[in-house]
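Read the structure below first, then the notes.
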Protein chains: 4
Amino acid sequence: MHIGLIGLGKMGFNMRGRLREKGIEVTGFDRSPDRTDVPSLEELVGALPTPRIIWVMVPAGQITDAVVKDLSELLSPGDLVIDGGNSKFTDDQIHATLLAQKGVRFLDCGVSGGVWGLENGYGLMAGGTQEDIELAMPIFDALRPEGERSESFVHVGDVGAGHYAKMVHNGIEYGLMQSYAEGYELLEAKDIVKDVHGTFAAWQKGTVVRSWLLDLLVKALQEDPGLSKIAGYVEDSGEGRWTVEEAIANSVPAPAITAALFARFASRQDDAPAMKMVAALRNQFGGHAVKPAQPKAE
Amino acid sequence: MHIGLIGLGKMGFNMRGRLREKGIEVTGFDRSPDRTDVPSLEELVGALPTPRIIWVMVPAGQITDAVVKDLSELLSPGDLVIDGGNSKFTDDQIHATLLAQKGVRFLDCGVSGGVWGLENGYGLMAGGTQEDIELAMPIFDALRPEGERSESFVHVGDVGAGHYAKMVHNGIEYGLMQSYAEGYELLEAKDIVKDVHGTFAAWQKGTVVRSWLLDLLVKALQEDPGLSKIAGYVEDSGEGRWTVEEAIANSVPAPAITAALFARFASRQDDAPAMKMVAALRNQFGGHAVKPAQPKAE
Amino acid sequence: MHIGLIGLGKMGFNMRGRLREKGIEVTGFDRSPDRTDVPSLEELVGALPTPRIIWVMVPAGQITDAVVKDLSELLSPGDLVIDGGNSKFTDDQIHATLLAQKGVRFLDCGVSGGVWGLENGYGLMAGGTQEDIELAMPIFDALRPEGERSESFVHVGDVGAGHYAKMVHNGIEYGLMQSYAEGYELLEAKDIVKDVHGTFAAWQKGTVVRSWLLDLLVKALQEDPGLSKIAGYVEDSGEGRWTVEEAIANSVPAPAITAALFARFASRQDDAPAMKMVAALRNQFGGHAVKPAQPKAE
Amino acid sequence: MHIGLIGLGKMGFNMRGRLREKGIEVTGFDRSPDRTDVPSLEELVGALPTPRIIWVMVPAGQITDAVVKDLSELLSPGDLVIDGGNSKFTDDQIHATLLAQKGVRFLDCGVSGGVWGLENGYGLMAGGTQEDIELAMPIFDALRPEGERSESFVHVGDVGAGHYAKMVHNGIEYGLMQSYAEGYELLEAKDIVKDVHGTFAAWQKGTVVRSWLLDLLVKALQEDPGLSKIAGYVEDSGEGRWTVEEAIANSVPAPAITAALFARFASRQDDAPAMKMVAALRNQFGGHAVKPAQPKAE
């Protein structure tokens, strides 16, 4: 099998490597001349046997939109585009419809595993028709870990369902990380606990909370004891927000995942307006002292 | 009526003023020579007619404990001590038992109204026996706003019940302030809102959210537009914590009040260990960039 | 002044009453023949002097959309439509644009005060141009409580800003109600509190938590002691959801308001799937007993 | 090595089995005649070589208190008691002091692994002196999974530290389970997701959220598709509460873990008083319909 892969960043680069190791021929395209196999999308399309299969692995939103639009102009009826990025599930139907106007087929596929996927394989959640899924199955089988297919690949539903499942996966991930992190802070705060790193390390085998994230947590503490080199500042990349929005849209209480999202927002605030207001109110009714605002650094 | 009042801080000083205005004779004692009417507790006790009534208005915990212990040694059977501070309700039974060993009676009374109580009167929540409540009623009537007694005074239950109600009152207060503050931050964040101060001001009459705290919020914004002089750093003084502990002890979900408490904790953190850990985990699995920790200022 | 008012439900009916009391001539239109003043929108439009001013007070979403569309076809350049309902702020620009195509002007106005507004007056938050605001000012002045205009009316910003402010107002309202409600549940749960109704009643004057909602809470407990007639089942009508969505979109932590929203969702669930899963997990790892699902009533 | 083990319930019974498999001689005592090896504590003590080592594996609180008291009367100087139950960390110092009066030594050891520990081994967190830890090490090595000791055993600190770490472990566990459960409910709620069970199954290998709890979740869905047999009613056994109390006592924001705890409380409520109040308030100000309370079943 010979496929195209657009986007050779942290994820796409590793995926090209794994696919090739597993015997799939891959022509990769990236804007970076150092990484790309071909100088243009046109040449990528020209290099592939028909029906062409092209895996798109670029940032969600405008960049994915643009790539899909370009592909809709370059591909031929019967070709298949797979969006493996972190697109919002509502984008998938738009992309599928655009491509379908040219007879081009579409699958969305959530991909989990991070930078470790090259070695470990990726967990995959796909949306689309059964026929298209079958066409792409050799790719899925190459990307996922060896072993039972059902433990690392799922056909979640029609177009959009794969990214929906990936979105929820990431929402859960927010909650899991926040839970470990709250426990970490509490262990660090309590003086009778003399060995926080050792405690997490000892949870790796046997305990109810053992997980891959826990293993990474232990690794992080080993590399940077006390996390002294890292600020308590956490970005978010969209899927946590969408998960909470979907929870709201479906009347599903999601307090733990939402707590994780808001904790990230708060981590990025120097001086939260809300908390200025609470301080101001306490001062107003009770005469409680306030901390003066710091002058902004020049 | 002639009573003693121990503690002439922000609250006690104003309360002495209001009691005197309402015709109650008050002998006040405070460690500060500028404020006290008598030089010692002994002279305070000596100055009062029997049965003596002494209102204690000092910080909860060790200081209240010490004052009650001193009074247990100075007072006589039939005297009455009223703890008007923010004591934890579990302290009340201890204090009552200690005093009862000398035949001294005890009431606990939660007092709300802050620095405005001098002028507006205070809301009062008392715990103790009906007989003791009746003895102290002229004091309660002087402290509370004029009008229906039932709108500003309640006999909540036996000893401890007054402070329990005050604790819940303060827990609610946390939630109310946090709710307004979140709305404030959102209005500030949204560029189509051109007049945040004016919006809160316009909520003072007619709307569902009108309240005394809202009036103070408007006043705070008037005095310090944009709250530019105040840091987003909020202390807490115990009653919010106790409310959540009691919610847990009674299996009562209290997510809004707890959110308010945790927001205060977070407001006091420069660099939360939990968020360092979430950043570290994102870096581990996804290679996401982290923000380096800032060197501590010397 | 003579205006049209479309929608004579709980809010619109009272508003017509208040406007007439204050000397504004109102022709009302409603689908209900018992309430309407004219049999059709066409007759409503025909009855008004130009430039016509029409206040729309119908349910947000499709019904408001339909009314605005109808008006865009019936009105003339220079006429003014005011949407006083609870429309989402993003709808306002759509409505304004549609009307502007016919030269018809548009204001959005959030209205708070509920069924009590007839007597107390309403709090008003308006969005639109200064010129249009001035045209409608006699209406605003009639609807709002007497006294300082700035305490009950605000021109928040351009089109959409009025409904945005109202949305945030309602989000705050969610948090306030949840805070009081959590305190209520805790007071009810604690046996040393003998007079829950009396405690809330005593908070009405003097305390920091006094508010109009508190007064209503006392009234509710008076009418139905222990709230024995009412189920713990709470609907939500959109603005709480939008507030949280906007908090997320603007990276504003809003944990208390969100807690209030999720508590409503949970109140409507008999048997939450999430909690079934937690029970299932505890059973899996710890052999903890589970409660069997109840057979559904036929 | 020959030790005593008190408590042969779900955990203790399996632990006796694992210890014996690993070559530790165990004399077990339980109130149940079917399970016990000896008829009385006295005979248990008499059967052991000195210095005696006795592992206590009974419910936390009064039962553990009673067992420790009994042991303090039966044991001799130099003997060692290990509390492997889920005692509150504050109990440990009390137990250690009581035993120390007789020269008896004490370790606390948190044990994780549930009913699967027999086969998989247990994760262990111990508190006490280095000397006592070393004495008990053959037991720890037998109980924990094979492999690196540091991945399944930790000496956390002095007496109490082991149970503290176990408490935090369980708090984290609450957050992890709640996070998966929220994701589960959202996937179930969304109609484009056609295979919820398959989705979780596909997360077992390769994804960032893979964990032992996830494997159990898949197993639970396999055994009871849709969890139709299980009610959304979740007990809690103390350690989640203590974790939140400790978070509060140490000013550590713990919103995700607390959300998990409150979700359990709410899962056990038919008709939450707080939500009755919110419904009542909405009815008061807006005339919103309420759902009447259901008559209680006889």
Checklist entry - What is the number of the single condition among (1) free of Cβ contacts under 8 Å to residues at least 24 places away in the same chain; (2) over 13 Å from D:S251 (Cα atoms); (3) in the same structural domain as B:Y184 (by TED's automatic domain parsing) that B:A254 does not meet? => result (1)
Item to check | Flag if A:V209 is under 23 Å from the mean Cα position of the chain (by Cα), part of a loop (DSSP other than H, G, I, E, B) and under 19 Å from B:A259 (Cβ atoms) | outcome: no
Next on the checklist: Anything in region C:53-78 that is under 26 Å from the mean Cα position of the chain (by Cα) and of a type in the set (D, E, K, R)? List them, or say none.
Outcome noted: C:D65, C:K69, C:D70
Checklist entry - Of the residues that make up region C:102-118, is at least one of a type outside the set (A, V, I, L, M), surrounded by fewer than 22 Cβ atoms within 10 Å (Cβ to Cβ), assigned by TED's automatic domain parsing to the domain that holds C:E42 and within 17 Å of B:W203 (Cβ to Cβ)? => result yes
Next on the checklist: Based on this model, can you work out whether D:D158 counts as under 19 Å from A:K190 (Cβ atoms), charged (D, E, K, R) and in contact with a Lys or Arg (Cβ under 9 Å, 6 or more places away or on another chain)?
Outcome noted: yes
Next on the checklist: Restricting to region D:269-287, and then to whatever is facing another protein chain (nearest Cβ under 7 Å) and assigned to a loop (DSSP other than H, G, I, E, B), can you tell me which residue is surrounded by the most Cβ atoms within 10 Å (Cβ to Cβ)?
Outcome noted: D:A272
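Conditions tested, residue by residue: (1) at pLDDT 95 or above; (2) part of a helix (DSSP H, G or I); (3) not hydrophobic (A, V, I, L, M, F, W, C).
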{"residue": "A:I54", "(1), (2), (3)": "yes, no, no"}
{"residue": "A:P59", "(1), (2), (3)": "yes, no, yes"}
{"residue": "A:A66", "(1), (2), (3)": "yes, yes, no"}
{"residue": "A:E73", "(1), (2), (3)": "yes, yes, yes"}
{"residue": "A:D92", "(1), (2), (3)": "yes, yes, yes"}
{"residue": "A:H95", "(1), (2), (3)": "yes, yes, yes"}
{"residue": "A:F106", "(1), (2), (3)": "yes, no, no"}
{"residue": "A:E119", "(1), (2), (3)": "no, yes, yes"}
Checklist outcome for this item: Of the residues in region A:132-161, those that are within 17 Å of the chain's Cα centre (by Cα) and open to solvent by 10 Å² or more (accessible area, probe 1.4 Å) number 2
Checklist entry - Quick one: is B:S228 hydroxyl-bearing (S, T, Y), open to solvent by 10 Å² or more (accessible area, probe 1.4 Å), more than 22 Å from D:E246 (Cα to Cα) and out of contact with any Leu (no Cβ under 6 Å at 6 or more places or on another chain)? => result yes
Checklist outcome for this item: Cβ pairs under 8 Å, 6+ apart or interchain, first in region C:75-98 and within 14 Å of another protein chain (Cβ to nearest Cβ) and of a type in the set (D, E), second open to solvent by 20 Å² or more (accessible area, probe 1.4 Å) and not in a helix (DSSP H, G or I), ordered by first then second residue, are C:D91/C:A60; C:D91/C:G61; C:D92/C:V159
Next on the checklist: So the check is Cβ under 7 Å with 6+ separation or different chains; which pairs have a first residue in region A:102-115 that's farther than 11 Å from A:S87 by Cβ and a second one that's open to solvent by less than 10 Å² (accessible area, probe 1.4 Å) and among the polar types (S, T, N, Q)?
Outcome noted: A:K102/A:S72; A:V104/A:S72; A:S112/D:T207; A:G113/D:T207
Checklist entry - Which residues, counting only those in region B:162-183, are small (G, A, S) and either open to solvent by 10 Å² or more (accessible area, probe 1.4 Å) or facing chain C (nearest Cβ under 7 Å) (or both)? => result B:A165, B:G171, B:G175, B:S179, B:G183
Item to check | Matching residues in region B:220-249 - criterion: being without any contact (Cβ under 8 Å) to a residue 12 or more places away in the chain and basic (K, R) | outcome: B:K229
Next on the checklist: Name the single residue that is most open to solvent (accessible area, probe 1.4 Å) among those in region B:184-205 being without any contact (Cβ under 8 Å) to a residue 24 or more places away in the chain and more than 7 Å from every other protein chain (Cβ to nearest Cβ).
Outcome noted: B:D191
Item to check | Sole exception among (1) open to solvent by less than 20 Å² (accessible area, probe 1.4 Å); (2) farther than 25 Å from A:T129 by Cα; (3) in a helix (DSSP H, G or I) for A:E43, by number | outcome: (1)
Next on the checklist: When you scan region D:243-259, do you find a residue that is part of a loop (DSSP other than H, G, I, E, B), at pLDDT below 95 and open to solvent by 20 Å² or more (accessible area, probe 1.4 Å), even just one?
Outcome noted: no
Checklist entry - Does B:G127 meet the test of being at the interface with chain C (Cβ under 9 Å from one of its Cβ atoms), touching a strand residue (DSSP E or B) at 6+ places or on another chain (Cβ under 7 Å), under 20 Å from C:Q222 (Cβ atoms) and open to solvent by less than 10 Å² (accessible area, probe 1.4 Å)? => result no
Checklist entry - Hey, does region C:89-98 have a residue that's open to solvent by less than 10 Å² (accessible area, probe 1.4 Å), touching a Leu at 6+ places or on another chain (Cβ under 7 Å) and not assigned by TED's automatic domain parsing to the domain that holds C:V244? => result no
Checklist entry - If the Cβ limit is 9 Å and pairs must be 6+ apart or interchain, which residue in region C:13-40 that is hydrophobic (A, V, I, L, M, F, W, C) and modelled with pLDDT of 95 or more pairs with which residue that is open to solvent by 70 Å² or more (accessible area, probe 1.4 Å) and assigned to a helix (DSSP H, G or I)? => result C:V26/C:R20; C:F29/C:E43
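The values are calculated or read from the model by the stated rules, or taken from the named source; none is laboratory data. Since the structure is predicted, the reported quantities are computational estimates derived from the model, not experimental observations. Note that each Cβ is placed from the backbone with ideal geometry, even for glycine, and that neighbours are counted across all protein chains shown. Side chains are part of the model used for accessible areas, which takes the heavy atoms of the whole protein and leaves out ligands, DNA and RNA. Shrake-Rupley method; radii C 1.70, N 1.55, O 1.52, S 1.80 Å.
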